[in-house]
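Written below as structure tokens is the structure these notes are about.
No lab work stands behind these numbers, since they all come straight from the coordinates. In this text the structure is predicted, and so the values were computed from the model without any measurement. Cβ: placed from backbone, ideal geometry, glycine included. Neighbour counts: every protein chain shown.
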Ligand SMILES: [Zn+2]
Ligand SMILES: [Zn+2]
């Protein structure tokens, strides 16, 4: 009986030692595997001769206008999606959360700047100048101070003063979503005010793609009026609530061809119209830039010649989608090159070159990139 009196004490000591002395609490177990790991997508996009290709989204919102996320979230999303550069473009005078948040037109930039720096994402200080059509909405990039007293002036003329003041700050401006149905219901028109700001030198670019809409006429205008093309998300919700990320989704983006990985080089590239719009497996831009991207993206290798036919392997090393249609008498077939894939091309042995059209790479409203492949025999 005497020994048994020790038993409860011995058990207590063992339990106490297991749970507390060794720093383990059996009443708390953690499952780290449940957490979403932050992971960056690596997109394969070629550089072109003499330039580095940067991947950017230059239009997005936060709670500091009518978006539903905090500015730092935009940086994390951009990092995960493989982007190099973003611009947060909250509206200049549409502030539905003003009652709950204390802020001004620079806050969205200021709050994201540090995390952008930590993640190696270039963050462009920007604002969306938001007016009824005409003139519509404009993004101003590389602003120094986005709080202009003139922005509060609702008179139509004040818009021009705002554009002039932003230009004086060194900003470059683009016309956003020119074909947005809320602003141009049945047509997509270039208004006299657009001509005026273009001639003043206050307009450097245009969105040919916004959110999930493509405006072929925007590409036409870009060519005629020498504007840089943009494809932007204009996202308001978290990216993963706005787009379907299942499958091989690549967010809309603007490719910028720069001399260096810096804000100043991006500004210069926009001034030099060195951009290409990439959206939904489609490219839009100048013949020159798309041609150079094509040369860097596709390689063609002879496999064999047999029974009067030669077989080639056509490889796409990039994340671009490349749909080709033959234009030569010798070859009128189609090649569908999905990202990072190869397909075969079979032509008569005597064929020395084939002409083709890249049907999803647009250089004009109804015009696609055309190339000639010289085949080694
Ligand atoms: Zn807008
Ligand atoms: Zn917007």
For residue 152 and residue 200, extending 7 Å from Cα along the Cα-Cβ vector and measuring point to point gives, in nm, a value of 2.1
What's the ranking of 281-292, 142-153 by average number of surrounding C-beta atoms within 10 Å, highest first?
281-292, 142-153
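Checking the a/c ratio against 1.5 first, then a/b against b/c, what shape does the Cα gyration tensor give for the chain?
oblate
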Relative contact order of the stretch 298-374, pairs being alpha-carbon contacts under 8 Å that are 6 or more residues apart, as %
27
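Estimate the FRET efficiency between residue 305 and residue 325 by the formula 1/(1 + (r/R0)^6), using the beta-carbon distance for r and 22 Å for R0, to the nearest 0.05. It would help to have the intermediate numbers written out before the result.
On the way: r = 24 Å, r/R0 = 1.10.
Computed FRET efficiency for residue 305 and residue 325 comes out at 0.35.
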Only Cα pairs under 8 Å and at least 6 apart count here; give the relative contact order of the chain as a rounded whole percent.
13
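On a full-extension model of 0.36 nm per residue, what is the gain between residue 188 and residue 367, subtracting their alpha-carbon distance, rounded to one decimal in nm? Please report the intermediate quantities before stating the final value.
Values: separation 179, 0.36 × 179 = 64.44 nm, distance 1.88 nm.
Going from the current span to full extension adds 62.6 nm.
Report, for the stretch 190-299, the % of DSSP beta bridges that are antiparallel, rounded to 5.
Values: 9 of 14 bridges.
Antiparallel bridges make up about 65 percent of those DSSP assigns within the stretch 190-299.
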Quick check on the stretch 249-376: take the gyration tensor over C-alpha atoms, sort the square-rooted eigenvalues as a ≥ b ≥ c, and tell me if it's rounded (a/c under 1.5), prolate or oblate.
prolate
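Calculated FRET efficiency, residue 353 and residue 41, Cβ-Cβ r, R0 35 Å, to nearest 0.05?
On the way: r = 37 Å, r/R0 = 1.05.
Between residue 353 and residue 41 the formula returns 0.45.
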Once every DSSP H run of n ≥ 4 in the chain is given -39500 (n - 2.57) and the sum is divided by its residues, what mean residue ellipticity at 222 nm do you get, rounded to the nearest 500 deg cm²/dmol?
-6500 deg cm²/dmol
Counting only DSSP beta bridges fully inside the chain, the antiparallel percentage to nearest 5 is 75
Determine the relative contact order of the stretch 250-302: mean sequence separation of Cα pairs under 8 Å and six or more apart, normalised by residue count, in whole percent.
31
Under the rule a/c < 1.5 gives rounded, and otherwise a/b versus b/c splits prolate from oblate, where does the stretch 126-199 land using the Cα gyration tensor?
prolate
What is the gain in length, in nm to one decimal, between residue 338 and residue 263 on full extension, counting 0.36 nm per residue of separation less the C-alpha to C-alpha distance?
23.8 nm
